[in-house]
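One structure is given here, and the rest of the page talks about it.
The values are calculated or read from the model by the stated rules, or taken from the named source; none is laboratory data. Because the structure is predicted, anything quoted here is derived from the model rather than measured. Methodologically, a virtual Cβ is constructed for each residue, glycine included, from the backbone with ideal geometry; neighbour enumeration extends over all protein chains shown.
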Amino acid sequence: MSLLERGAVWLAWSVAGALFLTVGWMAMAPADPVGPVCVLTSRAGVAMLLEAAALAAVCSAVCTLIAGRSLIDAGTFASGIGLTLVSLRGGTAEYLLLYGGGSAGGPLPASAVAVRFAAVSVGWFTVMMIAAGVSCVVGRWCFGMAASGAIDRGFGLVPCAADIPKVDVTAGTIRTPATPLSDGLLHVGVASGVGLLVFLVLTAPAATRAIEHGQSCFLVVASVWLACYVAHRVAPVRSAFWSVLSVLVMAVAGYGWSALRSGGAPALPNIPESPFMRVLPIQFIAAGTATAISGLWSVQVSIPSHEPSTAESRNQPH
């Protein structure tokens, strides 16, 4: 990218951070000042998700206008960064392990918290998909193409939302998913398996350490990045949707396994039995989505375009 394009990209990330750390914090701040940014600690959980979805849509649209010509899914990436940043202003998952959301009835069992984490992850995934849809539509309206400038540069990529099976968010521009369903599901399976394995390996030395935001985000970023690195080489895809979907599978599988494992009393009340309970759902999905998109950016040069070049099209018989 040119210096001007790089400046636009950094401006988009700055706008996303400023938007979520101000307006986003007012909408998603926990009821308890020391609580985490989580649906379980919000005064109105469903309303919080709706407000976050609206804010993510606005952020995605603005950041797509700023940097969408240079980077595919720039708006979706910015929304993921913004949600991750706003989660850092609140407490960690330790609060939920100790107080169970601060309800008058006392703390919830760890298994119940894990099940709710899995359900909340689906909600945050929906928020990110709304941001992805807005990014795709705004990119087409403003730049007159189905995706960003990546297609014109020969990478053959499509936006995240345009690759969802049986969903057409480009008003006829892309009528069928660019990635075959079998390839997409294989990508999800490889990425999910590798990501879960890497997550467990990375958390082994930290099993008895206190929960910290930096550690939690690093676990997600490192696991998803390595998972996408392997999956893009085993089963290449043309969008970040399948990698983002694998993040949801990782979260739901991890929290589900935590619910089954959380049977006895932990050695310390603020240290979870399962390492997945160290990560808040908003961090798992938002940071994982941003990492999955950046993972696509890093391998896009190795994915050839299905579209014939100008020279090839001239040589083809009519």
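Within region 178-191, restricting attention to residues that are surrounded by fewer than 21 Cβ atoms within 10 Å (Cβ to Cβ) and not β-branched (Val, Ile, Thr), the residue that is nearest to VAL247 (Cα to Cα) is GLY189.
Being within 29 Å of GLY90 (Cα to Cα), small (Gly, Ala, Ser), in a loop (DSSP other than H, G, I, E, B) and touching a residue at least 12 places away in the same chain (Cβ under 8 Å) is a description that does not apply to ALA222. Here THR84 meets each of (1) crowded, with 22+ Cβ neighbours inside 10 Å; (2) polar (S, T, N, Q); (3) not in a helix (DSSP H, G or I) with one exception, condition (3).
Please verify whether region 275-289 includes one or more residues that are part of a loop (DSSP other than H, G, I, E, B), within 24 Å of SER111 (Cα to Cα) and either at pLDDT 95 or above or of a type outside the set (D, E, K, R) (or both). Yes, because at least one residue in region 275-289 is part of a loop (DSSP other than H, G, I, E, B), within 24 Å of SER111 (Cα to Cα) and either at pLDDT 95 or above or of a type outside the set (D, E, K, R) (or both).
Name the residue that is nearest to GLY75 (Cα to Cα), counting only residues in region 231-254 that are hydrophobic (A, V, I, L, M, F, W, C), surrounded by fewer than 24 Cβ atoms within 10 Å (Cβ to Cβ) and modelled with pLDDT under 95. Step by step, filter region 231-254, then rank; the result is ALA235. Against the list (1) in contact (Cβ under 8 Å) with a residue 60 or more places away in the chain; (2) under 20 Å from GLY123 (Cβ atoms); (3) buried (at least 18 other Cβ atoms within 10 Å of the Cβ), the condition ALA31 fails is (3).
Residues are listed down the side, and each one gets a yes or a no for (1) more than 22 Å from PRO272 (Cβ to Cβ); (2) at pLDDT 90 or above; (3) buried (at least 18 other Cβ atoms within 10 Å of the Cβ):
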{"position": "VAL9", "(1), (2), (3)": "yes, no, yes"}
{"position": "PHE20", "(1), (2), (3)": "yes, yes, yes"}
{"position": "LEU49", "(1), (2), (3)": "yes, yes, yes"}
{"position": "LEU65", "(1), (2), (3)": "yes, yes, yes"}
{"position": "ARG69", "(1), (2), (3)": "yes, no, yes"}
{"position": "ALA104", "(1), (2), (3)": "yes, no, no"}
{"position": "ALA112", "(1), (2), (3)": "no, no, no"}
{"position": "ALA119", "(1), (2), (3)": "no, yes, no"}
{"position": "VAL122", "(1), (2), (3)": "no, yes, no"}
